[in-house]
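Data first, discussion second: the structure below is written as structure tokens.
The values are calculated or read from the model by the stated rules, or taken from the named source; none is laboratory data. In this text, all values refer to a predicted model and were calculated from it rather than measured experimentally. Because the Cβ atoms are built from the backbone with ideal geometry, glycine has one as well, and the counts that use them run over all protein chains shown. SASA here: full protein model, heavy atoms, side chains in, ligands and nucleic acids out. Shrake-Rupley method; radii C 1.70, N 1.55, O 1.52, S 1.80 Å.
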Amino acid sequence: MSEAIPESWKAVLDPVLATPDARRLGGWLKAEEAAGKQVYPPRGSRLRALELTPLDTVKVVILGQDPYHGPGQAHGLCFSVPEGVKMPPSLVNIYKELQSDQGVASPGHGNLEHWARQGVLLLNNSLTVEAHKAGSHAGKGWDAITDACVAAVAERAEPTAFVLWGSHAQGKAARIPAIAQSGRHLVLKSPHPSPLSAHRGFFGSRPFSQINAFLSGNGRSPIDW
């Protein structure tokens with residue numbers, strides 16, 4: 001791994017990164033880039049979700065699948081794009097549901113860093129992707145790393161909301177028994193906000209108000225969406 005592990009996540013990730021599988025992932029990524037393949041997000045941004053949301057600040061976990069694969073889109077946070085980049089359709093639908101649920105209008109950009117800084121861990125299952133090839137880095141070794149991050153949150157005493165949009169996120173959560181077994185966490189499941197599935201139950205699911213009611217009810221400050 002060429003990325004520096006944020007201090008609050010080191011105890012969680014150092015053992016995972018010492019495994020042969022993690023070393024193979026690092027070598028494979030270097031070889032892909034050496035072969036001239038464009039990998040997103042760029043180096044220095046791949047652990048951005050962990051940098052912006054230290055482990056001891058996590059209140060909400062939103063799970064994505066892999067980074068956006070278009071130029072300039074991916075910057076290390078699931079569903080998020082930098083300011084000035086056109087909002088992807090899934091994020092447009094997330095903002096629509098936010099407005100319906102909480103009356104919060106779209107800010108006109110897709111950068112969700114303000115969520116991350118408040119304790120919303122915006123974590124993709126795979127933290128890299130090849131340009132223009134969705135899912136291209138799935139099964140290459142990221143799963144163990146991101147599973148460890150999610151499990152570390154679930155094993156903490158603090159009540160936390162886990163937001164599982166779509167079958168992929170729900171499948172990842174199913175691998176981590178601590179999410180459901182503790183009884184102290186909120187687990188929200190709905191279809192993915194993609195235009196292909198949003199009308200099957202994502203719209204009207206009111207995740208943002210449910211999250212804030214749960215946090216407030218457990219003595220944790222709500223998120224300013």
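At a glance:
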read-out	value
Highest average packing first - 42-52, 130-140, 149-159, Cβ atoms within 10 Å	42-52, 149-159, 130-140
Surface share of carbon and sulfur [accessible, 1.4 angstrom probe, percent] for the chain	52
Helix runs (DSSP H) in the chain reaching 30 Å along axis by Cα, Kyte-Doolittle at least 1.6	none
Förster radius 41 Å - calculated FRET efficiency between residue 19 and residue 158 (Cβ-Cβ, nearest 0.05)	0.90
Net charge contributed by nearby residues that have their C-beta within less than 15 Å of residue 114 (K/R +1, D/E -1)	-1
Percent RCO, i.e. relative contact order, over the chain, from Cα pairs under 8 Å lying at least 6 residues apart	23
The chain - mean residue ellipticity at 222 nm from DSSP helices (-39,500 (n - 2.57) per run, n ≥ 4, rounded to 500)	-10500 deg cm²/dmol
Cα gyration tensor, segment 1-129 - rounded (a/c under 1.5), prolate or oblate	oblate
Relative contact order of segment 56-115, pairs being alpha-carbon contacts under 8 Å that are 6 or more residues apart, as %	28
Among the listed pairs 86/189; 30/59; 86/133; 30/189, those beyond 29 Å (Cα-Cα)	30/59; 30/189
Heavy-atom surface of the chain, accessible at 1.4 Å and reported per residue (Å²)	43
